[in-house]
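S.K.: Before I ask anything, here is the structure I am working with.
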Amino acid sequence: MSYPVDTNPDYQKWECNQCTYINKRFLCCGQYVYGGYKAECCAFCDTDKKDAKHDDTTEFNASKRQDWQAMIVPNIQQFIDSEFLDTKSYRYDDVPFSDPSYDLNPQFKNFKAECVESKRLTEVLFDLILSKAKSILKNKALMSKFTANYGAGINVDIQAGDSMGIEHIFVILLYIHFPKYVQSYRHSLPSKSYFFGKFFYEVVTYFGRPMPADMVVYVGLTITEEATTSAAVIEQEFLNTAFLMAPFSACKDADIFGKDVVVLSLQTQFLDHFNDTKYFDLSSFSSFGRKQGKNEVVFFGEFAELSVMNIAVSGDGTSAVQDFKPFMDALNIWQKMSSGFADYDSAVYNAPALTEQRQQILADLLNLKEEKIPKYIFHLFKYYNESKTGASFHSMYDDVLDVDFSLICNNLAQELNKEIQGLLFNEDVTDIDPKKIKRIFPKAKQCNNTNGEQTKL
């Protein structure tokens with residue numbers, strides 16, 4: 001990939017006295033842009049560089065604090081029934097991911113126009129949010145905790161150690177407190193929200209951190225254990241992974257969910273330098289209480305992946321009525337075994353170990369011993385298997401099929417107990433037995449055998 005020669009290498013950053021935005025070079029549509037379409041106007045608020053004067057009227061005083069509290073409305077369903085639990089929301093087979101830092105054609109000349117001229121915000125509300133953002137920016141103790149962990153290279157003038165700008169705080173406040181704005185962003189063309197997408201992407205990508213292996217976040221579903229069709233809601237590939245190409249929020253608290261909500265526990269899919277799942281903790285910027293979603297974290301990125309590590313049905317808000325952790329561990333092992341990742345390395349994947357208990361659960365599932373398995377888990381396992389057709393399913397690995405036992409006999413097969421071996425393999429455990437695999441995946445027309453070769457079922 002080639003980029004145009006920088007025609008203005010001596011361009012000097014300048015701070016807008018009106019909004020405090022640092023106008024600087026960034027890449028847009030393959031061309032370097034200097035502070036907006038008009039080089040001497042602020043790319044955030046469109047104030048002319050020559051006319052920009054320090055604005056003391058936007059002080060976030062008691063009156064504005066009262067206005068702020070009146071404007072924001074907590075969303076008690078913030079982490080429940082997210083549309084992004086549906087696989088259609090993250091598998092864009094026909095639409096390649098675009099880094100919001102470039103390769104888009106903004107429809108508005110600056111961020112304020114994008115908010116106000118699109119009628120998503122009034123000018124009064126824009127100025128109120130700006131006042132709030134300025135008051136946060138003045139909190140040196142708080143802002144010292146949020147410096148860039150990574151540099152942005154050629155895309156944006158952000159270097160490791162840089163402080164957050166007013167643009168980053170503004171979009172964080174928008175994302176937390178104004179769900180209707182975020183809804184319109186998620187359901188519009190990227191170019192109509194170019195600046196919001198760009199600034200928010202910078203927040204997570206450069207000021208965020210990779211998700212630690214032991215970090216757990218939670219989202220909820222308003223379905224019950226008896227709802228036999230509920231498996232279809234969360235199964236598919238989200239049982240194991242999600243490509244979060246739009247902002248996805250989860251909560252650090254498991255006990256905020258009401259009674260009879262199915263709570264999903266999510267952890268990062270990969271470990272160490274394979275881990276591209278970055279998150280940003282929004283709690284320091286929230287005006288809400290803990291029960292209203294204060295402990296919110298957001299994920300955003302082309303290679304951000306999360307695994308569903310547990311499913312539990314919440315009780316009275318403080319404890320779970322039923323916890324499916326051992327069974328979810330077995331399902332996660334089965335998903336990797338049967339979808340082309342049977343050779344997974346424990347140093348790479350944040351996956352459960354192959355213990356005797358988990359193997360026994362898996363054996364009971366494969367033998368369809370319904371009386372030994374919770375009803376919800378049994379339906380989830382059955383739906384998972386019956387949904388597979390032997391088709392290619394992974395946009396990054398097009399040679400992988402949704403029924404795929406590639407390399408399983410290299411190592412993993414020998415670690416499985418005799419019962420599972422008898423349910424999957426030939427007599428000498430050197431390859432899968434197609435008839436046994438067809439019994440488990442009745443709608444699959446083909447699969448990949450242990451050598452990665454397509455085998456008819």
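S.K.: Tell me, what is the FRET efficiency for Lys369 and Asp281 to the nearest 0.05, using R0 = 56 angstrom and their Cβ-Cβ distance as r?
M.R.: Numbers: r = 43 Å, r/R0 = 0.76.
Efficiency for this residue pair is about 0.85.
S.K.: Oh, and also: Quote the convex hull volume per residue of region 369-443, based on C-alpha atoms, as a whole number of Å³.
M.R.: Numbers: hull volume 8.9 nm³, N = 75.
About 119 Å³ per residue, rounded to a whole number.
S.K.: Express in nm, to one decimal, how much length is gained between Asp323 and Lys443 on full extension, taking 0.36 nm for each residue of separation and deducting their alpha carbon distance. Don't jump to the answer; show the numbers that get you there.
M.R.: Values: separation 120, 0.36 × 120 = 43.20 nm, distance 3.05 nm.
Net length gain for the segment: 40.2 nm.
S.K.: On full extension of the chain, what length is gained from Val73 through Thr122, given 0.36 nm per residue of separation minus the C-alpha to C-alpha distance? Display every interim value, and only then the final one.
M.R.: Values: separation 49, 0.36 × 49 = 17.64 nm, distance 1.67 nm.
Using 0.36 nm per residue and subtracting the Cα-Cα distance, I get 16.0 nm.
S.K.: Provide the solvent-accessible area of Val124, counting protein heavy atoms only and rolling a 1.4 Å probe, rounded to the nearest 10 Å².
M.R.: 110 Å²
S.K.: So which of Lys372/Lys418; Lys145/Lys325; Lys134/Lys192 end up more than 31 Å apart, counting from Cα to Cα? Please list the in-between numbers first.
M.R.: Numbers: Lys372/Lys418 19 Å; Lys145/Lys325 35 Å; Lys134/Lys192 25 Å.
Where the Cα-Cα span goes over 31 Å, the pairs concerned are Lys145/Lys325.
S.K.: Using 7 Å Cα-to-Cβ label points, what is the Ala62/Ala353 separation (nm, one decimal)?
M.R.: 6.1 nm
S.K.: While we're on this one: For region 123-224, just run the numbers: alpha carbon Rg, then divide by 2.2 N^0.38 Å, N being how many residues it has.
M.R.: Working: Rg = 15.6 Å, N = 102, 2.2 N^0.38 = 12.8 Å.
Taking the Cα Rg and dividing by 2.2 N^0.38 Å, one obtains 1.22.
S.K.: Please give the FRET efficiency for Glu15 paired with Ala141, using the beta carbon to beta carbon distance and R0 = 22 Å, rounded to the nearest 0.05. All intermediate terms of the calculation are to be shown ahead of the outcome.
M.R.: On the way: r = 22 Å, r/R0 = 0.98.
With a Förster radius of 22 Å, E is 0.55.
S.K.: Using a ≥ b ≥ c from the Cα gyration tensor of region 255-309 (square roots of the eigenvalues), is it rounded, prolate or oblate, where a/c under 1.5 gives rounded and otherwise the larger of a/b and b/c decides, a/b for prolate? Working shown, then result.
M.R.: Working: a/c = 3.27, a/b = 1.44, b/c = 2.28.
Verdict is oblate for region 255-309.
S.K.: A follow-up question, please. What are the residues whose amide H is under 5 Å from the amide H of Thr455, where those residues sit 5 or more places off or on another chain and H is modelled from the backbone?
M.R.: Those lying under 5 Å, H to H, from Thr455 are Cys447, Asn448, Asn449.
S.K.: So, one more: So between Glu427 and Asp272, what do we pick up on full extension, going 0.36 nm a residue minus the alpha carbon distance? Walk me through the numbers on the way to the answer.
M.R.: On the way: separation 155, 0.36 × 155 = 55.80 nm, distance 3.82 nm.
Separation in residues times 0.36 nm, less the Cα-Cα distance, equals 52.0 nm.
S.K.: Could you derive backbone 3J(HN,Hα) for region 18-24 from the dihedral phi with the Karplus parameters 6.51, -1.76 and 1.60 (θ = phi - 60°), listing whole Hz in sequence and x where the residue is Gly or Pro?
M.R.: 6, 10, 6, 5, 8, 6, 8
S.K.: Can you put His273, His379, His187 in order of accessible area, largest first, using a 1.4 Å probe? Before the final figure, lay out the partial values.
M.R.: Values: His273 150, His379 50, His187 115 Å².
If we order His273, His379, His187 from most to least accessible, we get His273, His187, His379.
The values are calculated or read from the model by the stated rules, or taken from the named source; none is laboratory data. From a predicted model like this one, the values you see are computed outputs, not experimental measurements. Cβ atoms come from the backbone with ideal geometry, glycine included; neighbour counts cover every protein chain shown. Just the protein is used for accessible areas: all its heavy atoms, side chains included, with ligands, DNA and RNA removed. Shrake-Rupley method; radii C 1.70, N 1.55, O 1.52, S 1.80 Å.
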